[in-house]
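Below is one structure, written out as structure tokens; the observations come after it.
Only the coordinates and a few stated rules stand behind these numbers; no lab work does. All values derive from a computational prediction rather than experimental measurement. Glycine gets a Cβ as well: all are built from the backbone with ideal geometry, and neighbour counts include every protein chain shown.
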Amino acid sequence: MANIPVGTKGEQKLLVTSEVAISFLGLEGARVLSTPHMIGFMERTCRDTVFPLLDPGHDTVGTHVNVAHLAAAPIGMTVTFSAEVLTATDRRIQFRVEAWDEKEKVGEGTHERAIIDVTRFATKLAQKKS
């Protein structure tokens with residue numbers, strides 16, 4: 001299996017645009033980064049942080065999310081997502097995740113991912129569908 005050191009860190013940035021912002025409040029000035037998109041980018045940051053360390057043919061899938069959305073990030077702001085490996089045992093990786101806009105922390109929590117063999121995973125899915 002992969003050698004993923006505790007403390008491994010990764011970071012990604014996202015410009016908040018209308019594609020990742022809520023629209024249901026009805027006012028253009030009230031559009032902010034949606035919670036599902038924030039969580040999705042946290043997950044992606046975790047995945048991309050460890051992907052280069054995985055054996056060929058392997059990837060990770062999310063298995064648990066425990067995240068708080070702390071503040072609104074308006075359209076036009078850049079949000080920085082960070083991930084840090086807390087534990088890595090056999091096939092499970094635990095991360096600390098944070099999201100900061102240009103002014104304050106907008107999200108934080110933990111996330112778990114499982115290491116998978118992509119071909120084996122696809123085979124199991126095909127069997128499930130048949």
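Some points to look at:
- Evaluation of Pro74 against (1) crowded, with 16+ Cβ neighbours inside 10 Å; (2) in contact with a helix residue (DSSP H, G or I) (Cβ under 9 Å, 6 or more places away or on another chain) (one fails), failing number: (1)
- Qualifying residue in the range 54-66 (condition: surrounded by 12 or more Cβ atoms within 10 Å (Cβ to Cβ) and either within 12 Å of Ala99 (Cα to Cα) or touching a Leu at 6+ places or on another chain (Cβ under 8 Å) (or both)): yes
- Enumeration of residues in the range 1-51 that are surrounded by fewer than 19 Cβ atoms within 10 Å (Cβ to Cβ), aromatic (Phe, Trp, Tyr) and part of a helix (DSSP H, G or I): Phe51
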